[in-house]
Amino acid sequence: MSDDGKFEAPGVFTLAIIFLVTFIIIWLAHAKWLGDIWELY
Amino acid sequence: MAIYEPEGNWWQPIHKDEKIWFILALIWMLVSFFYMPIQHFIGKQNPPTESYRVSAEDFDGLVEGMVKKYQIGTTGVDNDVPLVQPNPDEPVFLRASMWEWYPALRLEKDKTYKIHLSSMDLLHGFSIQPINLNLMVIPGYDYIANIKPTRTGDYRILCNEFCGVGHHTMVGKIEVI
Amino acid sequence: MSEMRTCESTGLKIDKTAENMVMLNVTTAIIFLAVGGAAALLVLLTRWPAIHLLPVEWYYRWLTAHGLVALIVWILFFEMALVYFGSAILLNTRIAVPILSKVVYGLMLVGVTLVAGMVLTGNADVLFTSYVPLQAHPLYYLGIILTAVGALLGFIHFFINIAVAKKEGKYKKTLPLVSFGLMAGCIIGIMTLAHGAAIYIPTFLWSLGILESIDPEAYRLVWWGLGHSSQQINVCMMVAMWYMTAAFLFDAKPLSEKLCRTAFVLYILFINVASEHHLLVDPVLSTWHKIVNTSYVMHLAVLASMIHAFAVPAAMEVALRKKGYTNGLFEWLKKAPWGNPGFSAIFISIILFGFLGGITGVIFGTEQFSIIRHNTWAITGHFHGTVVAGTTIAFMGASYQFIKIFFRRELIMPGIAKLQPFVYGLGIMMLSICMMAAGSFGVPRRHWDYNFSDAPFGYQFDPTVDVFMSLTGVGGVIATVGGAMFIVVTLGSIFAGKKIEK
Amino acid sequence: MSDEQDMPMGKKLYDNVWLLLAIGIVLPTLIFTVWGLIEIVNLPYLPMVK
């Protein structure tokens with residue numbers, strides 16, 4: 001069954017990729033906002 | 001079907017799309033994990049790591065000592081919170097209690113201060129606005145934050161951990177010159 | 001021997017006692033959801049700057065009540081129903097110790113009543129977390145202990161049941177996936193409530209004056225072993241409801257039993273340590289303690305959630321494609337039974353949990369990012385994205401299905417039922433997003449007046465904050481309407497719905 | 001039906017409810033609670049106070 005070249009659930013796979021991209025964008029935004037505050041350690 | 005016992009050996013290889021998704025997700029998770037230790041070396045904003053036990057009395061003594069030594073006035077007519085301009089080479093003590101941050105501080109831009117935070121009574125939340133820098137202040141513990149203001153201006157310290165009915169009036173002041 | 005019936009829609013053999021306990025706990029849960037929702041509205045209207053409804057004491061009082069009832073009581077009673085569902089009904093067997101299930105229910109009900117009484121009489125203005133040295137009336141802590149002990153016995157009952165079922169050959173080697181997921185929840189539940197006992201019993205003694213002090217940092221550490229982990233029970237059981245729905249409505253098979261179970265095992269092993277999320281900007285704890293724990297040990301438990309959030313809709317897609325909806329990427333989704341609240345609620349739960357609660361959970365739980373989010377309203381936005389947009393909506397969807405299967409009644413007002421998940425989902429989405437937006441400007445959580453009237457130093461947030469505060473109010477009101485629709489439809493159907501005849 | 005002996009290790013592990021129960025309670029308690037409590041107990045007093 002596996003690796004027979006075809007996707008079982010292409011629709012959900014697309015949604016999943018959209019999710020991952022959103023995730024990364026929001027994560028990077030927070031990394032930027034963190035850099036804007038005073039230095040702290 | 002997920003509500004019945006699967007027959008026989010269900011330990012089978014994973015389908016292609018699930019395998020690809022699994023790998024992509026795993027890679028991203030590892031990135032966001034290793035960011036944390038790496039940020040401690042390359043980053044300029046990390047949670048402070050130095051803390052000690054301290055009694056309310058001892059800490060209060062240190063605060064008053066610093067205020068005596070470095071007070072340059074009060075914060076104004078409507079309130080008489082001492083305004084203190086500490087020496088960047090010496091520890092700074094900021095006291096949280098119901099419901100005030102004591103004293104008010106005047107700091108110099110781009111100087112690094114060792115700010116000791118502790119509470120006299122309940123938990124308090126040290127929250128510098130508008131930059132939104134948040135730390136916990138716990139009674140019986142001294143949390144030492146090395147803070148370097150990078151912009152001048154007039155800042156506020158809010159309390160963002162519930163500390164009773166006066167919680168919303170607990171606002172302190174930091175000037176950066 | 002216990003009395004059994006065969007369920008016409010699922011073919012399961014249903015034990016009468018188990019079924020009654022499910023119905024009793026679900027009904028109780030829904031009634032408490034109504035209470036929690038009412039409390040939510042009062043808190044919300046106080047946070048809404050244009051209204052600022054409650055005086056300060058009552059704001060914190062109702063906030064305490066809202067936290068306890070909506071976050072713990074409604075969910076815990078529903079989870080007790082799921083315990084009997086997963087360990088008896090799905091295994092075509094009986095409840096091993098019927099009396100125990102009644103004791104559990106009684107303990108929880110007494111405990112909850114005690115707690116609610118203490119909070120609303122002003123004897124426990126300590127908020128949900130009751131951080132020491134803030135002190136409440138001893139009966140408050142006693143109430144919590146009774147509730148926790150009850151729930152603990154309930155989760156233990158799950159294992160008694162499956163042990164008996166195994167012995168009686170009701171299942172051979174492997175639990176059904178849904179039961180397996182619920183079992184993961186019960187394991188987490190036992191670990192969680194053990195922490196509850198470990199922290200609340202000393203605190204109870206302290207409130208009686210027997211112990212003279214409790215270390216505030218140790219309290220935070222152990223308390224969050226209860227407070228955060230209890231939300232991980234919800235995650236597990238919510239995911240189990242996702243799988244259950246895929247099975248009930250589509251006869252869907254998970255693409256890979258192995259991967260789905262692996263994800264649940266990752267939950268069992270690692271998800272609980274995320275209690276650290278609350279301690280990232282605390283003194284004392286070392287950097288490595290923070291990093292290892294906040295990342296659920298290298299984010300493996302997050303990986304698990306991403307596996308589930310893929311596997312469940314994928315199973316649905318495969319099943320619907322088999323039905324012939326094969327055009328393009330999304331015909332299966334367009335043709336999905338959106339008119340069935342049992343389905344739409346679950347699908348909304350999957351989407352919102354992932355995009356709202358999931359993403360922000362990982363980000364706010366990153367050690368450094370906690371500096372700019374800790375104790376701001378963004379955190380409140382996050383857990384309304386998980387517990388409400390995720391768990392509560394999933395349990396709403398499950399309730400609709402249970403009303404057909406166990407109560408065997410038609411839904412009253414099907415038109416309203418059809419709309420309910422969308423109204424509620426929209427409201428919560430707005431609420432959660434706007435809370436996060438306001439929080440990102442520094443607005444504190446658990447705060448009566450973000451304009452700091454009569455503070456020694458005035459402070460005004462960025463004016464856009466007022467917009468987000470008000471939009472949060474609007475979203476919250478929409479959600480309240482959706483919640484009320486749910487309460488009316490479900491309770492109405494339970495007590496007055498048309499009986500389904502076989 | 002299918003004989004358990006020829007089943008893969010992983011399946012046997014996942015079917016072992018009691019093992020999962022034990023690990024699920026012990027592991028988080030060790031890495032989160034016990035480790036944390038040890039750090040709290042061993043925290044020194046503020047040195048600059050004589």
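Please enumerate the residues belonging to the range C:95-121 that are open to solvent by less than 10 Å² (accessible area, probe 1.4 Å) and farther than 13 Å from C:Ile145 by Cα.
Hits for the range C:95-121 are C:Ile95, C:Ser101, C:Val119.
Restricting to the range B:113-133, name every residue that is over 18 Å from B:Leu62 (Cα atoms) and either within 7 Å of another protein chain (Cβ to nearest Cβ) or small (Gly, Ala, Ser) (or both).
B:Leu122, B:Leu123, B:Gly125, B:Ser127, B:Gln129, B:Pro130, B:Ile131, B:Asn132, B:Leu133, listed by residue number.
Assuming C:Tyr141 fulfils every condition listed in (1) outside any helix (DSSP H, G or I); (2) modelled with pLDDT of 95 or more; (3) not aliphatic (A, V, I, L, M) apart from one, which condition is it?
(1)
Quick test for you: out of C:Leu33, C:Leu53, C:Leu42, pick the one residue that is open to solvent by 30 Å² or more (accessible area, probe 1.4 Å) and part of a helix (DSSP H, G or I).
Details: C:Leu33 fails: open to solvent by 30 Å² or more (accessible area, probe 1.4 Å); C:Leu53 fails: part of a helix (DSSP H, G or I).
Criteria check complete, one pass: C:Leu42.
Sort out which residues of the range B:8-31 are out of contact with any Ser or Thr (no Cβ under 8 Å at 6 or more places or on another chain) and open to solvent by 20 Å² or more (accessible area, probe 1.4 Å), and write them in order of number.
Within the range B:8-31, B:Trp11, B:Ile20, B:Phe22, B:Ile23, B:Leu24, B:Leu26, B:Ile27, B:Trp28, B:Leu30, B:Val31 qualify.
Can you list the helices (runs of 4 or more DSSP H) lying wholly within the range C:293-373 that have 2 or more residues being more than 9 Å from every other protein chain (Cβ to nearest Cβ) and open to solvent by less than 30 Å² (accessible area, probe 1.4 Å)?
C:296-322, C:341-352
Hey, does the range B:80-87 have a residue that's within 30 Å of D:Ile40 (Cβ to Cβ) and either more than 8 Å from chain C (Cβ to nearest Cβ) or among the β-branched types (Val, Ile, Thr) (or both)?
yes
Any idea how many residues of the range C:374-391 are farther than 20 Å from C:Asn293 by Cβ and more than 10 Å from chain B (Cβ to nearest Cβ)?
Qualifying residue count, the range C:374-391: 9.
C:Met429: open to solvent by 20 Å² or more (accessible area, probe 1.4 Å), over 14 Å from C:Thr380 (Cβ atoms), touching a residue at least 24 places away in the same chain (Cβ under 8 Å) and more than 9 Å from chain B (Cβ to nearest Cβ), yes or no?
Spelling it out, C:Met429 is indeed open to solvent by 20 Å² or more (accessible area, probe 1.4 Å), over 14 Å from C:Thr380 (Cβ atoms), touching a residue at least 24 places away in the same chain (Cβ under 8 Å) and more than 9 Å from chain B (Cβ to nearest Cβ).
For the range C:154-172, state whether one or more residues are of a type in the set (Gly, Ala, Ser), outside any loop (DSSP other than H, G, I, E, B) and surrounded by 22 or more Cβ atoms within 10 Å (Cβ to Cβ). Quick ask: steps written out before the conclusion?
So in the range C:154-172, the residues of a type in the set (Gly, Ala, Ser) come out as C:154, C:163, C:165, C:169.
Applying the additional criterion that residues be outside any loop (DSSP other than H, G, I, E, B) yields C:154, C:163, C:165.
If we keep only those that are surrounded by 22 or more Cβ atoms within 10 Å (Cβ to Cβ) as well, we get C:154.
Yes; the residues of the range C:154-172 include at least one that is of a type in the set (Gly, Ala, Ser), outside any loop (DSSP other than H, G, I, E, B) and surrounded by 22 or more Cβ atoms within 10 Å (Cβ to Cβ).
Filter the range B:32-57 down to residues that are outside any strand (DSSP E or B) and hydroxyl-bearing (Ser, Thr, Tyr) and give me whichever is least open to solvent (accessible area, probe 1.4 Å).
Only one residue tops the list, namely B:Ser32.
Take B:Val54 and decide whether it is within 11 Å of chain C (Cβ to nearest Cβ), modelled with pLDDT under 95 and touching a strand residue (DSSP E or B) at 6+ places or on another chain (Cβ under 8 Å).
no
I'm trying to understand the selection: among the residues of the range B:119-160, which are open to solvent by less than 10 Å² (accessible area, probe 1.4 Å), under 19 Å from C:Ser453 (Cα atoms) and touching a Lys or Arg at 6+ places or on another chain (Cβ under 8 Å)?
B:Ile128, B:Gln129, B:Ile157, B:Asn160
If C:Val126 passes every condition in (1) away from every other protein chain (no Cβ under 11 Å); (2) farther than 20 Å from C:Phe78 by Cβ; (3) under 24 Å from the mean Cα position of the chain (by Cα) but one, which one does it miss?
Looking at each condition in turn, C:Val126 falls short on (1).
For B:Cys163, which of the numbered conditions (1) open to solvent by 30 Å² or more (accessible area, probe 1.4 Å); (2) within 9 Å of another protein chain (Cβ to nearest Cβ); (3) more than 16 Å from the chain's Cα centre (by Cα) fails to hold?
Status for B:Cys163: all satisfied but (1).
What are the residues in the range B:151-160 that are part of a loop (DSSP other than H, G, I, E, B) and either charged (D, E, K, R) or within 7 Å of another protein chain (Cβ to nearest Cβ) (or both), if any?
Step one: filter the range B:151-160 for residues part of a loop (DSSP other than H, G, I, E, B), giving B:151-152, B:160.
Residues satisfying the conditions are B:Arg151, B:Asn160.
Residues in the range C:271-279: is at least one within 11 Å of chain B (Cβ to nearest Cβ) and either aromatic (Phe, Trp, Tyr) or open to solvent by less than 10 Å² (accessible area, probe 1.4 Å) (or both)?
Yes, that holds for at least one residue.
So if I check each of C:Ile214, C:Ile271, which one is over 18 Å from the mean Cα position of the chain (by Cα) and either at pLDDT 95 or above or farther than 18 Å from C:Ala315 by Cα (or both)?
Exactly one of C:Ile214, C:Ile271 is over 18 Å from the mean Cα position of the chain (by Cα) and either at pLDDT 95 or above or farther than 18 Å from C:Ala315 by Cα (or both), namely C:Ile214.
I'd like the residue in the range C:244-260 that is within 7 Å of another protein chain (Cβ to nearest Cβ), in a helix (DSSP H, G or I) and touching a Pro at 6+ places or on another chain (Cβ under 9 Å) and, out of all such residues, is surrounded by the most Cβ atoms within 10 Å (Cβ to Cβ).
Across the range C:244-260, the extreme among qualifying residues is C:Ala246.
Which of the numbered conditions does C:Phe457 fail, given that it passes all the others? Conditions: (1) among the aromatic types (Phe, Trp, Tyr); (2) in a helix (DSSP H, G or I); (3) out of contact with any helix residue (DSSP H, G or I) (no Cβ under 8 Å at 6 or more places or on another chain).
Of (1) among the aromatic types (Phe, Trp, Tyr); (2) in a helix (DSSP H, G or I); (3) out of contact with any helix residue (DSSP H, G or I) (no Cβ under 8 Å at 6 or more places or on another chain), only one is false for C:Phe457: (2).
Which members of the range C:446-458 meet the condition of being within 7 Å of another protein chain (Cβ to nearest Cβ) and either open to solvent by less than 30 Å² (accessible area, probe 1.4 Å) or under 31 Å from the mean Cα position of the chain (by Cα) (or both)? Full working, then the answer.
Going through the range C:446-458, the residues within 7 Å of another protein chain (Cβ to nearest Cβ) turn out to be C:446-449, C:452, C:454-457.
If the condition is that a residue be within 7 Å of another protein chain (Cβ to nearest Cβ) and either open to solvent by less than 30 Å² (accessible area, probe 1.4 Å) or under 31 Å from the mean Cα position of the chain (by Cα) (or both), then C:Arg446, C:His447, C:Trp448, C:Asp449, C:Phe452, C:Ala455, C:Phe457 are the ones that fit.
Just to be sure before I move on: is B:Met136 within 18 Å of C:Val132 (Cα to Cα) and more than 9 Å from every other protein chain (Cβ to nearest Cβ) in the structure I sent?
No; evaluated as a whole, the condition is false for this residue.
The values are calculated or read from the model by the stated rules, or taken from the named source; none is laboratory data. Since we're looking at a predicted model, the values are computed, not measured. Note that we place each Cβ from the backbone using ideal geometry, even for glycine, and neighbour counts take in every protein chain shown. Note: areas computed on protein heavy atoms with side chains; ligands, DNA, RNA excluded. Shrake-Rupley method; radii C 1.70, N 1.55, O 1.52, S 1.80 Å.
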